[in-house]
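Below is one structure, written out as structure tokens, with a few remarks after it.
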Amino acid sequence: MTDTINDQNQAPDHALTPDQAAEQARREEELIQRVLDSFESTPDARLKELMQSLVKHLHAFIREVRLTEAEWDQAIEFLTAVGHITDDRRQEFVLLSDVLGASMQTIAVNNLAAGNATEATVFGPFFVDDAPEIQHGEDISGGAHGQPSWIEGTVTNIHGEPIDGARIEVWEADEDGFYDVQYDDQRVAGRAFLRSGADGEYAFWGLTPTPYPIPHDGPVGKMLEATNRSPVRAAHLHFMVTAPGYRTLVTHIFVEGDPQLQIGDSVFGVKDSLIKRFEEQPTGTPTPNGRDLDNQTWTKARFDIVLAEDTHPQA
Ligand code: BEZ
Ligand code: FE
């Protein structure tokens with residue numbers, strides 16, 4: 001609480017007589033009412049609700065912090081820079097939404113808790129929709145560097161019944177923190193899709209995830225630096241799971257013991273239920289499907305995926 005603001009987002013209570021403060025508050029509130037009224041005849045009821053609520057919250061913010069004109073200029077400059085760096089490959093507005101927690105809040109509001117259904121988290125900018133298909137037990141790494149990791153689990157519904165043929169998209173960064181789309185050639189690596197079997201089972205080889213920074217060479221990165229925040233994401237492996245009649249699940253698994261979990265994930269994507277043990281396997285430990293790892297160490301993780309029924313099926 002600063003000394004310039006009172007609890008009702010009203011005018012500054014210092015340096016003004018009570019009469020002046022009342023007049024100031026009346027002017028500010030009258031403006032809000034006029035802006036709200038300007039949306040009164042919006043034909044679409046939902047658009048009207050969104051716009052009027054936005055106006056209320058935006059004006060409350062301006063009044064609460066007593067926004068200066070220089071700060072308003074700076075905010076416009078910042079948003080302009082966010083727009084300028086955004087193109088087909090770089091979406092700085094989504095990144096801004098991510099680091100403000102707005103993406104995760106929208107996900108929370110739209111993925112209502114349903115029994116023991118697996119929790120959702122951020123999508124991120126590195127999914128591509130033409131990843132190669134792999135069969136049960138095959139490798140998604142495509143030559144990307146990192147410690148091999150065997151990931152296995154089942155896809156079931158909230159009643160524990162297996163889901164046959166669910167499409168499981170998986171993608172992840174290499175050990176240096178780069179996705180294939182960030183390489184300077186057209187290689188496909190660290191991504192694939194596979195299908196669950198009749199008993200709901202799936203398994204594949206990936207890489208033990210490592211922490212990496214979100215793109216931070218633009219205005220969002222500058223904002224993180226100015227606020228003493230780290231751009232680093234906790235180590236994770238992305239999943240998107242779809243099956244007819246079920247809600248699409250976009251999620252990750254995180255690595256138990258990753259120090260970044262304590263420091264904090266830059267986009268607030270971590271849920272306790274998504275933190276999994278990646279068990280270290282000593283050199284020479286036989287692999288589940290006989291793959292010869294040439295004496296490398298490897299890890300093993302289990303992720304049982306539970307899909308919620310789709311309560312809003314498309315016509
Ligand atoms: C990612 O995990 O790939 C990601 C998510 C949000 C922003 C940037 C990257
Ligand atoms: Fe990621």
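Read-outs: derived from the displayed coordinates by stated rules, not from any lab. None of these values were measured; they are calculated from a predicted model. All Cβ positions, even for glycine, are placed from backbone atoms using ideal geometry, and neighbour counts span all protein chains on display.
Quick notes on this structure:
- Cα-based equivalent ellipsoid of the range 214-315: semi-axis lengths in Å, sorted from largest, via gyration tensor: 29, 26, 12
- Within the chain: Cβ-based charge dipole about Cα centre, in debye rounded to nearest 20 (Lys, Arg +1; Asp, Glu -1): 360 debye
- Other residues with beta-carbon under 15 Å from the beta-carbon of GLY200 carry, at +1 per Lys or Arg and -1 per Asp or Glu, a net charge of -3.
- Mean Cβ count within 10 Å, highest first, over the residues of peptides 300-308, 52-60, 235-243, 138-146: 235-243, 300-308, 138-146, 52-60
- q = 0.25 Å⁻¹: log10 I(q)/I(0) that the Debye formula gives for the range 114-199, counting C-alpha atoms only: -1.32
- Ratio Rg/Rh [Cα only; Rh per Kirkwood] for the chain: 1.07
- Sorting the segments 152-162, 102-112 by their residues' average number of neighbouring beta-carbon atoms within 10 angstrom, most packed first, yields 152-162, 102-112.
- Spatial separation of Cα centroids for the range 81-157 and the range 262-315, in angstrom: 13 Å
- Taken one residue at a time, the phi angles of the range 189-203 give Karplus couplings (6.51, -1.76, 1.60, θ = phi - 60°) of 8, x, 7, 5, 10, 9, 10, 6, x, 4, 8, x, 6, 8, 7 Hz. Gly and Pro are set to x.
- Remark on SER149: its backbone amide H falls under 5 Å from those of GLY206, LEU207, THR208, THR299, a criterion applied only to residues 5 or more positions apart or on other chains, H modelled at 1.01 Å from N.
- Total formal charge among the other residues, if their Cβ is under 14 angstrom from that of PHE78, Lys/Arg +1 and Asp/Glu -1: -4
- Applying both filters, DSSP loop and at most 14 other Cβ atoms within 10 Å, to the chymotrypsin sites (Phe, Trp or Tyr not before Pro) of the range 141-188 gives TYR183.
- Value in Å of the Kirkwood radius, where the range 162-277 supplies the Cα pairs that are averaged: 15.8 Å
- Centre separation in Å (Cα based) which lies between the range 61-75 and the range 167-243: 37 Å
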